[in-house]
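Since every read-out is calculated from the coordinates, none of them should be taken as a lab result. Since the model is a prediction, treat every value here as computed from it, not as a measurement. Cβ coordinates were reconstructed from backbone atoms using ideal geometry, including for glycine residues, and neighbour counts include every protein chain displayed.
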Amino acid sequence: MHYYESVVMDYLRADRAIFVNTEFCIQINKAANPDNSGRHWYCDAVALDFRHKEIFLCEIAYGANLAGLINRLRGWNATWDRVRSALARDCFLAEQWPITPWLFVPRARVDFLKRRLVEIANGQRLTFVPKITALEEVQPWLYSSYSRNGEDSTQATSGDVAETRV
């Protein structure tokens, strides 16, 4: 777990309708050992939102260029159907629940991230629309630790993709 991850995990857990599994292995090909199975990722957390019946693949990044996060999103975009199938297969998750990447980055990097999402889409529609929350919004003094209600986050939309094309 890297430095800021525990702050985000506390934020997620403060909503009692969300259950979190950290350092989660998303393994495209079924095998006993993910290191021998081909393409796989260790996601910072998978969060199940029982209130809204939604699954979140949570990633936390704060580097200036967000390189690791961008590479992960590029891989997910290329294999999204297989990522969804792997989650259903290995976790017995309800296939009808939407799966959304939930990205936590510094506020100053949100627009940069949206521009990179445009590049990943490469003129097409992304296979997912991520939810983006600024790390500054998950500070523990900004929400109740026992019943977090609501949040200030942005949803990257196809409109964002069009806006960032220059």
Matching option when the condition is closer than 21 Å to Ile120 by Cα and surrounded by 14 or more Cβ atoms within 10 Å (Cβ to Cβ), among Ile18, Ile55, Ile26: Ile26
Lone qualifier among Asn77, Asn65 - being within 13 Å of the chain's Cα centre (by Cα) and farther than 14 Å from Trp102 by Cβ: Asn77
Sole residue being in contact with a Phe, Trp or Tyr (Cβ under 8 Å, 6 or more places away or on another chain) and among the β-branched types (Val, Ile, Thr), chosen from Val7, Val110, Val46: Val46
